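Reading through the structure tokens given below for one structure.
The values are calculated or read from the model by the stated rules, or taken from the named source; none is laboratory data. Computed from a prediction, not measured in an experiment: that's the story for all the values here. Virtual Cβ from ideal backbone geometry, glycine too; neighbours counted across all protein chains shown.
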Amino acid sequence: MNKVAQVTFYFWIIKICATTLGETAGDLLSMTMNIGYALSSIILISLFLITLAMQLLTSKFHPVLYWLVILTTSTAGTTISDYMDRTLGLGYAKGSLILVTCLLIVLAAWRFSEKTLSVSNIQTTKAELFYWVAILFSNTLGTALGDFLADDSGLGFLGGATLVGGFIALIALASYVTQLNRVMLFWLAFILTRPFGATFGDLLTKPIEKGGLGFGTVGSSMILAVLLVAFVVYTISVEKRVSREATA
């Protein structure tokens, strides 16, 4: 039985909510609560490993647990990227290069081991491990790219979010009008939803005088958490209704 979410329109909506919440919640822990990037990374990686273990131990797809793992990869990715780029002083460019290399190695090992990179039918524990490690690296990479766009590129929070959103729209269009490899398009979109979430999260949290909307990390996290829960509950209710109609 497939243990991961099917890639639909609502998959991408929930993914963007989760990755944006990952940005604001990660910043809430590391900066607003002043815990620091290193300790925050340890805490959030531990939460990721706990939720991942629960996911691996299940025998079927559980939407709440699945999206909880996505959320913890996003929050962990936020603080890991910040730790690499700022505490270790690697900078966004060098940090992104390291993360791109790690992601490509994981995808290559996955392809060599499983003979496929399909994300629509994950059934074995080995494939699921590759899936989640690739997601962790892609979310961490997306954080570094988002911070680069927001801080160093001169585009600002809104400009960075608009640029990345445009690329995501082009990938969505390519999936409908071209014959480009669907797995490649999936991972490109998956990576780009993270810098979109990073820049959009910064737009929500930063004060108005700095180009943000001034909701702060607490307010933004609460708003995004409500949206995330609402969309997950809605998709679960739709799936249950479809299942009942199919068996009626």
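Of all the criteria given as (1) surrounded by fewer than 16 Cβ atoms within 10 Å (Cβ to Cβ); (2) in a helix (DSSP H, G or I), the one not satisfied by Thr116 is (2).
Looking across segment 2-31 at every residue that is in a helix (DSSP H, G or I) and among the hydroxyl-bearing types (Ser, Thr, Tyr), the one that is modelled with the lowest pLDDT is identified as Ser30. Has segment 47-62 got at least one residue that is charged (D, E, K, R), surrounded by fewer than 20 Cβ atoms within 10 Å (Cβ to Cβ), assigned to a helix (DSSP H, G or I) and over 16 Å from the mean Cα position of the chain (by Cα)? Looking through segment 47-62, none of the residues is charged (D, E, K, R), surrounded by fewer than 20 Cβ atoms within 10 Å (Cβ to Cβ), assigned to a helix (DSSP H, G or I) and over 16 Å from the mean Cα position of the chain (by Cα).
Every test in (1) of a type in the set (Val, Ile, Thr); (2) farther than 19 Å from Gly201 by Cβ; (3) in contact (Cβ under 8 Å) with a residue 40 or more places away in the chain is passed by Thr24 save one, and that test is (2).
Residues in segment 51-67: is at least one within 21 Å of Cys17 (Cβ to Cβ), out of contact with any Phe, Trp or Tyr (no Cβ under 8 Å at 6 or more places or on another chain) and either polar (S, T, N, Q) or at pLDDT below 80 (or both)? Scanning segment 51-67, I find at least one residue that is within 21 Å of Cys17 (Cβ to Cβ), out of contact with any Phe, Trp or Tyr (no Cβ under 8 Å at 6 or more places or on another chain) and either polar (S, T, N, Q) or at pLDDT below 80 (or both), so the answer is yes. The helices (runs of 4 or more DSSP H) found wholly in segment 141-248 and carrying at least 3 residues that are of a type in the set (D, E, K, R), on the phi < 0 side of the Ramachandran plot and surrounded by fewer than 22 Cβ atoms within 10 Å (Cβ to Cβ) occupy 216-247.
Residue by residue, here is whether (1) under 18 Å from the mean Cα position of the chain (by Cα); (2) without any contact (Cβ under 8 Å) to a residue 40 or more places away in the chain holds:
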residue: Leu71; (1), (2): yes, no
residue: Glu114; (1), (2): no, yes
residue: Ser120; (1), (2): yes, no
residue: Gln123; (1), (2): no, no
residue: Ile135; (1), (2): yes, no
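For segment 201-233, filtering for residues that are among the aromatic types (Phe, Trp, Tyr) and more than 26 Å from Thr8 (Cα to Cα) leaves 1.
Within segment 1-19, track down each residue that is farther than 16 Å from Ala172 by Cα and among the charged types (D, E, K, R). Across segment 1-19, the qualifying residue is only Lys3. For segment 71-91, the set of residues classified as surrounded by fewer than 22 Cβ atoms within 10 Å (Cβ to Cβ) and assigned to a helix (DSSP H, G or I) consists of Tyr83, Arg86, Thr87, Gly91, listed by residue number.
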